[in-house]
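The values are calculated or read from the model by the stated rules, or taken from the named source; none is laboratory data. Source: prediction; values computed, not measured. Here the Cβ positions follow ideal geometry from the backbone for every residue, glycine too, while neighbour counts run over all protein chains shown.
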Amino acid sequence: MADVIENKDKRYRTTTDLEKSIFSYLDTVRESGIMNMGNGAQLVRETFGLERKEARFVSNLWMKNHNRDGNYEIIRVDGLC
């Protein structure tokens, strides 16, 4: 797992290569408008072959950290289970 950086009440860490791939994929799906991103975890599960819990976690990471420029080098991880 990547190093965690703490800043007051916030926790950050670098993304893994898999997370970067998934985030890029979810950005593309969102921009296409073909589906409601509330179903992102199911899509991640089907596309990347992750277990339900892991797919939900990564989808939640993406939702918490989504940004227009697609820069996901460091992501916020506090408040996620």
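Annotation: of all residues in region 1-24 being among the β-branched types (Val, Ile, Thr) and at pLDDT 70 or above, the one that is farthest from the chain's Cα centre (by Cα) is 14. Determine whether residue 12 is under 18 Å from residue 77 (Cα atoms) and not aliphatic (A, V, I, L, M). Criteria met by residue 12.
Looking across region 34-75, the residues that are under 10 Å from the mean Cα position of the chain (by Cα), closer than 15 Å to residue 15 by Cβ and not β-branched (Val, Ile, Thr) come down to 57, 59, 60, 61, 62, 63, 64, 65, 66, 72.
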